[in-house]
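The values are calculated or read from the model by the stated rules, or taken from the named source; none is laboratory data. Fair warning: this is a prediction, and the values are worked out from it, not measured in the lab. Please note: Cβ atoms are built from the backbone with ideal geometry, for glycine as well, and neighbour counts cover all protein chains shown.
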Amino acid sequence: MTLQIELPDDLSETSPEELRLAFAAKLFGLRKVSSSKAARIAGVSRLAFLQNVGRFGVPVFDMTNEELEQEIRNADPDHG
């Protein structure tokens, strides 16, 4: 699918690459796409996407304290 967007003049200095990255970060943050798919949308490697997604206020690691504690318990049977 191709998407064309008309942007206001004050965004004219923002590169298409930066706009694709911002769009992909938003989709990833909404949990609409995986990090791999978001990277493909952005046109960058998965590593580059994960290194840059935080610039848009999107956490790479999104887990509640309770979920983290459960993961720790699952990984370490001697814990908790």
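Of note:
- Just one of (1) exposed (fewer than 13 other Cβ atoms within 10 Å of the Cβ); (2) free of Cβ contacts under 8 Å to residues at least 12 places away in the same chain fails for residue 69. It is (1).
- Every residue from region 41-66 that is surrounded by 15 or more Cβ atoms within 10 Å (Cβ to Cβ) and free of Cβ contacts under 8 Å to residues at least 12 places away in the same chain: 46
- Taken as a whole, the structure places residue 27 among residues that are free of Cβ contacts under 8 Å to residues at least 24 places away in the same chain and surrounded by 12 or more Cβ atoms within 10 Å (Cβ to Cβ).
- Inspection of region 7-26 identifies at least one residue that is at negative phi, in contact with a Lys or Arg (Cβ under 9 Å, 6 or more places away or on another chain) and of a type outside the set (A, V, I, L, M).
- Residue match in region 63-72 (condition: at pLDDT below 85 and either in contact with a helix residue (DSSP H, G or I) (Cβ under 9 Å, 6 or more places away or on another chain) or assigned to a loop (DSSP other than H, G, I, E, B) (or both)): yes
- Every listed requirement among (1) surrounded by 14 or more Cβ atoms within 10 Å (Cβ to Cβ); (2) assigned to a helix (DSSP H, G or I) is met by residue 33 save one, (2).
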